[in-house]
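The values are calculated or read from the model by the stated rules, or taken from the named source; none is laboratory data. Worth saying up front: this structure is predicted, and the values here are computed from it rather than measured. Counting neighbours? That spans all protein chains shown, and the Cβs are built from the backbone with ideal geometry, glycine included.
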Amino acid sequence: MRHFIVVALLVIACTFLTHTAITSIDILPRKASAQAIPIDHLFEIQLWLISFLFSLVTVTLAYSLIVFRRRPGDVSEGVHVEGNTRLEILWTVAPLVTVIALAYLGARSLSEVQRADPNALQVEVLGGQWFWSFTYPEYGVTSDELYLPVSKQALLRMTSLDVIHSFWVPEFRVKQDLLPGKITELRVTPTETGEYTLLCAEMCGTSHAYMVAPVKVVSQEEFMAWIEEKISQAKLDPVQRGRKLANQYCTACHSIDGSQKVGPTWKGLFGSLVTLEDGTSVIADEVYLRNAIANPNLQIRKGYPGNVMPNFGNILTESQIEDLVAYIRSIE
Amino acid sequence: MKVILSLGLIRGLLWQLLGTALGIGFFTLVRALLGLPSWEAEPAIVVGALFGALFFLLGVGVLNDWLKWAAGEPTEDHVDDSHLGWRRYFGPSLDHKVIGVQYLVLSLVLMSVGGLFALLFRTELAQVQMQFLSLDQYNTLMSLHGMVMIISILMGIAAFMNYLVPLLIGAHDMAFPRLNAFSFWIAVPSAIILLSSLALGGFDTGWTGYPPLSVRAPIGIQMFLLGVSLSGFSSILGGLNIIATIVRMRARSMTPFRMPIFVWSSLATSIISLTATQLIGLSFQMVMLQRLFGMSFFDATKGGNPILFQHLFWFYSHPAVYIFVLPGLGIISELLPVFVRKPLFGYRWIAMSSLGIALVGFLVWGHHMFTSGMAEYLRVPFMYSTLLVAVPTGIKFFSWLATAWQGKISFETPMLFILAGIVVFLLGGLSGPPHAVVSTNLHLHDSYFVVGHFHNAMYGGFVFPFFAAIFYWYPKITGKRLSETLGKIQFWLMAPSFVIMSLLMMRIGLLGMRRRIADYEPAFGFEPYHLIMTIMAFLTALGVVVFFINVIYTQLKGQPVTGNVWNSRSPEWQVPSPMPVHNYERELIVVGEPYDYGSPGSRYVKFVGEA
Amino acid sequence: MAHTSKSKAFRLGLLVFIALVVLTVVEFFLAVYLNVWLLLVIVALCKAGLVIYYYMHVYRLFQADTTLDRNSYAYKLATNRLGLWLFLVSDSFVFGGLMVARINLLGLTHPHLEQTVGLIVTSVLLVSSFFMNRAETAIAHGKRNQFVASTAITLILGIAFLVGVIGVEWRIAPFGPADGAHGAVFYSMTGFHAFHVFTGIIFLAIVLRNGLRGCYSSERHWGVEACAVYWHFVDVVWIFYYPALYLIGTVIE
C-alpha cells in the first residue's frame, strides 16, 4: 500500500512539473487567427493529458526499476501475480472514455474552426511549381503577396496548377492542401496585424523548400490603400509589369543572370539561336517566346525535359504574356 | 572462384544483371519489330528490371523445386544442408533459422544504407542554405531513406518472426519452407531495384509518392514503385506463411492462450501484411500504369482523382506502422517477464490487444488525409476510430507496468533496450492523439512534429526491441554471447541522443518547421536545433557502429555459450545452443503457463519421454 | 454406395451450373429493364456464394483433421488448403482495390462496351467453371479419362475467354487506356483479371500434362484441387467485374 501512495504522489507532482516545464517555453508560434483559438485550447487540454500519462508511466516504471531492482546476491524470483481482471477492465474503460471525450471535443473544436462568415473576403489562391499567386476577385487584383485585412474572415478558394501543394501559415494554425483540378476552401480570420510566412507543406518537387510567400495582415484602411495601389500599378510600363509577373511565376526556374536553374536562363535569350529537342534551331523571337509561355511543350529546348513547365496559357491573360515577353526582351 | 560461384546470392546477382540486359534488349527488339521508334527509356528499364528480378530468382535457385513440381517430379521435404556450413546462408536454404538470419543480415545492411542517407541529408540540414547536396540530391536521399528503412524494418520483423515462431510453438519448420525461401529472396532484387533509382535520376516525392508529383518525377521513381511492389510480395507471402504456421504447426498441446506472446503479435502483424500490403502494391502499380500508358487514374483533368491514390496508399501505409511495431511490442512483452522474474501481467489482454490494434488499424487511414481535401464527412469518424487505437495500446503499457511492479529486476543489455523501447514508444504514443484530433492535426500535419512522432514510434516499437532481441537471442543463434560492455556503450550512445533528437524534431515542428524540406527559413531560428539534432544523429549512428564492432569481436573472441543464458522458461532455451538443424529432436509438450516466473517447480514445456 | 455418391456429386455440379446460368440471365435482364445497382449486387453475391460454396468447397477449410500425424498427406493437404485460401484472401484485396477505384472514379456509369461480347465471355468463363468442377469431381472418383477431357475443355474455354477480352473487346472498344478515367478503369480491371486468367491457364496446362502422365489419383490430387479453387476464384472475380464494367449505371460516351 505504501508503494501505491508514494507512486501516486510522485505521479501528481511529476504531472505538474512536466506541464510547467513544457509551458515555460513557447511551444507554439504566436497565435494570430480566430481559428487558432479553439485549436490552441485543444492543445492545452492535450498537454495536460500528455503530461499526466507521461508521468504515470515513467514514474511508475522508474519507481519499479529502483525499488524492485535485484540486489547483488539475491537469486529469488518476483511475486507470482498473473493478472487482475478488474484492473484490466479499469484501464480499458478509462482510456476509452477519455478518447471518446477527446474526440467529442475535437469535433466541436473543428466546427468552430470551420465557422463561416457570409461576408468573408474572397481570395483565390493558386499554387504551382514553385510560386504562390493570390487574386482578389472583388477588386480584380492579383498579387504574389497575401494581403489580408485584420479581423475579417478571408475565404481562401484554392487550386493547384500542377501537383499537390499545401497552404500553411503556422501562426494561423490551419492547413489545407491545394489540388489540381479541384477547388478546396480554407477560412482564416487574422486577429493580429503583422508579417507572416506562407509555407507549402506538401512535398511538391525540387524547390518545395522555397515555395514560400509573404503574408501581410494589415488594417482595413491599409488594405484598401494597397488594393488602390495595385490597381494603379496596372498602368505601369509593360517591362515593369512583366518583371513583377516574372518574379511571381517564372524566376523559381529561369534565371536572369545566366545561372543554371530548372529551366533555361533568360539572359541574352531574345534574338539568340536556340536548339530544340529534335535538333532543329529557331530564333528566339516574340512568337517563340509567346509559344514557350502559353504552350511550352510545343517547342522543347534541347537539354530540358518536356512536361516540366506548366501551361501558362491558362493562367496569364494575353496582355500579361505580352508584358512578360517585353520583360524578357529587355534582359540583355 | 568456384566456391564463390556456388553461392546462390552471387549467381542470382549475375543472373539479375543478365536478365535486366535481356529485358531491355527484348523490349527494344519487340518495338523495333512492331515498327515503333525502338528506344524508349522508361518502359525499357521497367521491363528490364522485371526480367532482372525474375532472373535473380531463377539464378538463386529458389524456384527449382516448384519447377520440378510443375514437371511432375518429386522433391525432398527435409533437406539437411548443414554440411554447407556458412555457405548455406548465401543460398536458397529451406531452414527457417537460416532464412531468419538471412533476413536479419539484409535488414541490418538496409538499415545501414538508409541510415547513411539520413546522416548525409541530416548534415546538410545542420546549416541554413544548401552546402554540399543539390536540392534534387537532398530530395532523393530523403525519399529513399524513408522507403529503404521501411523495407529494412519489414526484413527485421520477418527475421525474428521466421526465426522464433517455429521455435516458440515447437514446430520443426514453417508450414511452407519453399515459400519462405521465396519470400526472402524476392526481397533482395527488390531492394536492388529500389536502390537503383539513385542511378536513374532519383525521385523527389518523399516515400509517399503522391501523384501527380510522382507522375512527373524522373525515371528513378519507376524503380522506387517497382521495387516496393515486388518487395510487397515478400511481406504478403511471409505473412501467409506465419499465419499458416501458427494455425497448423503448433505443438499439439499448445492451446491458443498458451502460446508465447510473441506468437500472438506475429499473428496480428501477419494478418495486416497478408491483406493490406496488396493495396500499396496496387496504388504504386496504378502510378506506373499512368506513367507508362497514360491511364489517368489520378489525373484530374482527365476524370481521375488524386485523392483516390491517398486512400489506397494509406489503407496499407497506416496499418503498416502496426506491422512494424507489433512484433517489437511482442518482443517487449516476451522479454520483460524474463528480466523481471514475474509472470506477464494480463497475458490474455495483451494477446487480444495485439489483435485489437491490428483490426482497428484497418479503419483509421483517413487521419493522414485530414487536410487533403477528402470528403468532409469522413473527418470526424476517422478521428474517433484513430483515437480508439489508444485503448489497446494503453492496455499494453499498463500491463507492462504491472509486470515490472514488485519484480526482481535486473539490467542486462536486452533489458536496457526493452526499457528504452517502452519509454520511447510512450513518447511516440503520447504525441499521437494531437494528430488524431482533426483540429490540432490541421496545425501538425506535414510538420516536423510528425517526423518526431513517427521516429519515436519506430525506435520504440522497432529499433530498440530489435536490438534487445538480437542481444537476447544471439547466443541461441550463434552459440556465443555478445559483449555486455559494448552493448551498454551502444545503448548509452543510442538511447539518450535519439530521445533528444526526436524531442527537438517535435519542438521545431510545432514552431513551423515543415517536413521534407531541403532548406529552411533562417528567420524561424531553427539552425541551432538542427545542429544539435545532426550531432545526436551521428551519436546514434556511432551506437550502431559499436554494435557491428561487438558482433565482429564476439565472433572472433567470444566464448561459447550453450545453456539457458537468461534462465528463461521458453522452449527454445530448454535445448542447447545453437539450435539443432531440425529444432527439437523430441516432440514438445506444454505442461504449464508460458510466463509462470516466481512459481517454484512449475514448467512451461517438457519433451516427450522426459520426466 | 460409391456409385450413388459419385453421380450425386456430378448432378450437384450441374444443378449449381444451371442456377448460375439462370442468375446470369436474370442479371442481364435486370440490368436492361430495371438497372437498380443494389439488385445487381445481390445477384452477384448469390452467384459468388454458389461458386465459393459448391465449386470452391470453402467448408473444407473448417473440417476437423482426421489425423494429427504432421507428416501425413491428409494433414499437409489441410495446411495447403489454408495456405491457398489465405493467398486468395490476399489477392482479393487487389481486386477489391480496383473495384474501389472503379466506384470512386465512375460511380453509377459504365464504359461504352459491346454487350454481346461481355455476355459471351461471361458465359464462356461460367461454362469453364462447370467443366473445372467436373474435372475435379472426376479425379476424386478415379475417372481419369473424364478428368483429362474436362480439364482440356476448361483450358480451351479459358483461352477463348482471353481471346474474347484481349483480342476482341480491347480491339473494338471505342476508347483506349489513355482515354479518361473509364479507359484507365476498364483496361486495368480487365488487365489484372486477364493476367490471373493467364496464370490459371498455365496452371491448367501443368495439371493437364501431369494428369496425362498419371500423377493424380482419387486420393492424391492436391494439384487438381488447387488449380480448381484458383480457377473458380478467377471466375468469382469476374462475377463482380462483369456487372461493374458492363451493367451497372448508364453509359459514358
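When segment B:402-426 is filtered for residues that are farther than 24 Å from A:L90 by Cα, in a loop (DSSP other than H, G, I, E, B) and at the interface with another protein chain (Cβ under 9 Å from one of its Cβ atoms), the ones remaining, listed by number, are B:K408, B:S410, B:F411.
In segment C:28-51, the residues that are without any contact (Cβ under 8 Å) to a residue 12 or more places away in the chain reach residues that are of a type outside the set (S, T, N, Q) with C-beta atoms within less than 7 angstrom, at least six apart or across chains, in these pairs: C:L39/C:L30. Hey, among B:G209, B:G238, which residue is within 22 Å of the chain's Cα centre (by Cα), small (G, A, S), buried (at least 22 other Cβ atoms within 10 Å of the Cβ) and more than 10 Å from every other protein chain (Cβ to nearest Cβ)? After ruling out the rest, the residue left standing is B:G238. Is it the case that B:K476 is in contact with a Ser or Thr (Cβ under 8 Å, 6 or more places away or on another chain), in contact (Cβ under 8 Å) with a residue 24 or more places away in the chain and facing chain A (nearest Cβ under 8 Å)? No, not satisfied.
Restricted to segment A:184-221, and to residues there that are aliphatic (A, V, I, L, M) and over 30 Å from B:T140 (Cα atoms), the residue that is nearest to the other protein chains (Cβ to nearest Cβ) is A:L186.
Within the set B:F345, B:F262, the sole residue that is closer than 21 Å to B:A390 by Cα, at the interface with another protein chain (Cβ under 9 Å from one of its Cβ atoms), touching a residue at least 24 places away in the same chain (Cβ under 8 Å) and buried (at least 24 other Cβ atoms within 10 Å of the Cβ) turns out to be B:F345.
For segment B:434-509, give me every one of the helices (runs of 4 or more DSSP H) that falls completely inside it and has 2 or more residues that are crowded, with 20+ Cβ neighbours inside 10 Å, over 21 Å from the mean Cα position of the chain (by Cα) and of a type in the set (V, I, T).
In segment B:434-509, the matching helices (runs of 4 or more DSSP H) lie at B:438-444.
Between C:N71, C:N35, the distinction of being in a loop (DSSP other than H, G, I, E, B) and more than 14 Å from chain B (Cβ to nearest Cβ) belongs to C:N35 only. For segment A:209-225, filtering for residues that are surrounded by fewer than 13 Cβ atoms within 10 Å (Cβ to Cβ) and within 24 Å of the chain's Cα centre (by Cα) leaves 1. Would you be able to say whether some residue in segment B:429-444 is more than 7 Å from chain A (Cβ to nearest Cβ), of a type in the set (S, T, Y) and touching a Leu at 6+ places or on another chain (Cβ under 6 Å)? Checking segment B:429-444: not a single residue is more than 7 Å from chain A (Cβ to nearest Cβ), of a type in the set (S, T, Y) and touching a Leu at 6+ places or on another chain (Cβ under 6 Å).
If you check A:A62, A:A21, A:A13 for being more than 9 Å from chain B (Cβ to nearest Cβ), assigned to a helix (DSSP H, G or I) and closer than 30 Å to A:W168 by Cα, only one passes: A:A21.
Cβ-Cβ contacts under 9 Å between residues 6 or more apart (or on different chains), taken from a first residue in segment A:236-257 that is closer than 11 Å to A:L324 by Cα to a second residue that is in a helix (DSSP H, G or I) and of a type in the set (K, R), are listed as A:V239/A:R329; A:G242/A:R329.
Residue count for segment B:71-107 satisfying the condition of being within 19 Å of B:F324 (Cα to Cα) and free of Cβ contacts under 8 Å to residues at least 40 places away in the same chain: 1. Within the set B:L503, B:L510, B:L539, the sole residue that is under 24 Å from B:L416 (Cα atoms), of a type outside the set (S, T, N, Q) and touching a helix residue (DSSP H, G or I) at 6+ places or on another chain (Cβ under 6 Å) turns out to be B:L539.
If you go through segment B:124-143 one residue at a time, do you hit one that is buried (at least 22 other Cβ atoms within 10 Å of the Cβ), more than 30 Å from A:K261 (Cβ to Cβ) and not acidic (D, E)? No, segment B:124-143 contains no residue that is buried (at least 22 other Cβ atoms within 10 Å of the Cβ), more than 30 Å from A:K261 (Cβ to Cβ) and not acidic (D, E).
Residues are listed down the side, and each one gets a yes or a no for (1) within 14 Å of chain A (Cβ to nearest Cβ); (2) surrounded by 14 or more Cβ atoms within 10 Å (Cβ to Cβ); (3) without any contact (Cβ under 8 Å) to a residue 40 or more places away in the chain; (4) within 26 Å of B:A351 (Cβ to Cβ):
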position: B:L556; (1), (2), (3), (4): no, no, yes, no
position: B:G563; (1), (2), (3), (4): no, no, yes, no
position: B:S570; (1), (2), (3), (4): no, yes, no, yes
position: B:P576; (1), (2), (3), (4): no, no, yes, no
position: B:G601; (1), (2), (3), (4): yes, no, yes, yes
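Can you name the residue in segment C:133-179 that is assigned to a loop (DSSP other than H, G, I, E, B) and of a type in the set (D, E, K, R) and, of all such residues, is farthest from B:G304 (Cα to Cα)? That would be C:K143. Just to verify a result, which residue in segment B:366-401, among those that are facing chain A (nearest Cβ under 7 Å) and aliphatic (A, V, I, L, M), is nearest to A:E185 (Cα to Cα)? The qualifying residue nearest to A:E185 (Cα to Cα) is B:V380. Whether any residue in segment B:547-563 is among the hydrophobic types (A, V, I, L, M, F, W, C), touching a helix residue (DSSP H, G or I) at 6+ places or on another chain (Cβ under 8 Å), at pLDDT below 95 and in the same structural domain as B:Q490 (by TED's automatic domain parsing) is what I want to check. Yes, there is a match, as at least one residue in segment B:547-563 is among the hydrophobic types (A, V, I, L, M, F, W, C), touching a helix residue (DSSP H, G or I) at 6+ places or on another chain (Cβ under 8 Å), at pLDDT below 95 and in the same structural domain as B:Q490 (by TED's automatic domain parsing). Taking the conditions (1) more than 24 Å from B:V364 (Cα to Cα); (2) out of contact with any strand residue (DSSP E or B) (no Cβ under 7 Å at 6 or more places or on another chain); (3) surrounded by 14 or more Cβ atoms within 10 Å (Cβ to Cβ) in turn, A:L47 satisfies each one other than (1). Could you check, for segment A:117-128, whether at least one of its residues is surrounded by 15 or more Cβ atoms within 10 Å (Cβ to Cβ) and either at the interface with chain B (Cβ under 7 Å from one of its Cβ atoms) or assigned to a helix (DSSP H, G or I) (or both)? So far as segment A:117-128 goes, no, none of its residues is surrounded by 15 or more Cβ atoms within 10 Å (Cβ to Cβ) and either at the interface with chain B (Cβ under 7 Å from one of its Cβ atoms) or assigned to a helix (DSSP H, G or I) (or both). Against the numbered list (1) within 17 Å of the chain's Cα centre (by Cα); (2) more than 14 Å from chain A (Cβ to nearest Cβ); (3) hydrophobic (A, V, I, L, M, F, W, C), B:F176 comes up short only at (1). Only one entry in A:L105, A:L126, A:L96, A:L65 is in contact (Cβ under 8 Å) with a residue 12 or more places away in the chain, aliphatic (A, V, I, L, M) and touching a helix residue (DSSP H, G or I) at 6+ places or on another chain (Cβ under 8 Å), namely A:L105.
Condition first: aromatic (F, W, Y) and more than 11 Å from chain B (Cβ to nearest Cβ). Now tell me which residues in segment C:205-243 satisfy that.
Within segment C:205-243, C:Y230, C:W231, C:F233, C:W238, C:F240, C:Y241, C:Y242 meet the criteria.
Restrict the check to segment B:549-566 and report whether at least one residue is under 20 Å from B:E124 (Cα atoms), out of contact with any His (no Cβ under 7 Å at 6 or more places or on another chain) and among the small types (G, A, S). Quick ask: steps written out before the conclusion?
Our first condition is that a residue be under 20 Å from B:E124 (Cα atoms); within segment B:549-566, this holds for none.
Taking every residue of segment B:549-566 in turn, none turns out to be under 20 Å from B:E124 (Cα atoms), out of contact with any His (no Cβ under 7 Å at 6 or more places or on another chain) and among the small types (G, A, S).
The single residue among C:T122, C:T109 that is within 15 Å of the chain's Cα centre (by Cα) and hydroxyl-bearing (S, T, Y) turns out to be C:T122.
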